[in-house]
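Bear in mind these aren't lab numbers, they're just calculated from the coordinates by the rules spelled out. In this text the structure is predicted, and so the values were computed from the model without any measurement.
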Amino acid sequence: MNSVVISLIVFVCVVGGALIGLLLGGILPPSHLSGDSKDVVKVGMGLVGTMTAILLGLLVASVKNFYDTQSNELTEMSAKIILLDRVLAHYGPEAKEARDVLHVAVTRLLDAMWSRSGRENSQTASTPGGAEIL
């Protein structure tokens with residue numbers, strides 16, 4: 001569902017609830033409109049507001065934790081790829097084919113991670129050495 005549609009549904013529900021409350025206000029007996037009843041409603045609304053604040057705080061903390069975990073994993077994976085490339089570079093020209101395969105694999109991984117759809121093409125790419133990466 002589109003966020004605009006959801007916003008409109010919420011808006012209609014809130015306005016409808018307010019209108020129903022106004023209509024019920026004239027029908028309720030006077031005992032339900034006393035100061036004690038109003039205090040109970042205020043305490044109830046305070047409880048709802050507090051619970052909502054706690055829930056939103058936990059939601060934000062959860063999202064931040066997820067983001068931090070993903071960021072740390074990406075940083076660690078990048079460091080390991082760089083280390084592997086440098087180790088292969090120390091082996092000299094004999095490891096050129098392996099380095100080329102690594103570069104193609106990393107390029108495809110980056111394209112898959114940062115593409116709009118988030119999915120990689122299902123076609124295989126051939127590397128300069130003739131190997132195929134799925």
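Structure above, values below:
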| item | result |
| --- | --- |
| Extension gain (nm, one decimal) between VAL63 and MET77, 0.36 nm per residue minus Cα-Cα | 2.9 nm |
| Segment 37-100 pair-distance distribution - Cα-Cα, 10 Å bins, rounded % | 18, 20, 15, 14, 12, 9, 7, 4, 1 |
| For segment 86-102, Karplus couplings with θ = phi - 60° (6.51, -1.76, 1.60), whole Hz, Gly/Pro x | 5, 5, 5, 5, 5, 6, x, x, 5, 9, 4, 5, 5, 5, 4, 4, 4 |
| Computed lengthening from ASP111 to LEU55, 0.36 nm per intervening residue step minus Cα-Cα distance | 16.6 nm |
| Descending semi-axes in whole angstrom, ellipsoid equivalent of the chain, from the Cα gyration tensor | 63, 20, 6 |
| Mean residue ellipticity (222 nm) of the chain, computed from DSSP H runs ≥ 4 via -39,500 (n - 2.57), nearest 500 | -27000 deg cm²/dmol |
